[in-house]
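Q: Structure below; questions to follow.
The values are calculated or read from the model by the stated rules, or taken from the named source; none is laboratory data. Keep in mind the model is a prediction, meaning the values are calculated, not measured. SASA here: full protein model, heavy atoms, side chains in, ligands and nucleic acids out. Shrake-Rupley method; radii C 1.70, N 1.55, O 1.52, S 1.80 Å.
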Amino acid sequence: MNDNLKAFVEGFVLGVRETPRGFFAPITAFFRWLNRVTDEALATPPHVDPPQASTHR
């Protein structure tokens, strides 16, 4: 395994062990935001343009 990748994995594991709440807080906040935005988008009715006056004669 490449030294940089090995150092990354070791740092990742160390971070998860030391501060689980602080480590996962940004991920949790992102998914909560994504869930809220998706729910709001699905709850609103689709936008319908009002009928336009016909210019065809």
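Q: Rounded to two decimal places and with Rh computed the Kirkwood way over Cα pairs, what is Rg over Rh for the chain?
A: Ratio of gyration radius to Kirkwood radius for the chain: 1.50.
Q: Given a 1.4 Å probe and every protein chain left where it sits, what share in percent of the accessible area of the chain is carbon and sulfur?
A: Carbon and sulfur together cover 63 percent of it.
Q: When the helix-only estimate is applied to the chain (DSSP H runs of n ≥ 4, each -39,500 (n - 2.57), divided by the residue count), what is the mean residue ellipticity at 222 nm, nearest 500 deg cm²/dmol?
A: On the way: 2 runs with 40 residues, N = 57.
Rounded to the nearest 500, the figure is -24000 deg cm²/dmol.
Q: Using only Cα atoms, tell me the angle between helix 20-43 and the longest principal axis of the chain; keep it within 0 to 90° and round to the nearest 10.
A: It works out to around 10 degrees.
Q: Taking the Cα atoms only, what angle lies between the long axis of helix 3-18 and the longest principal axis of the chain, rounded to 10 degrees?
A: Computed tilt is about 80 degrees.
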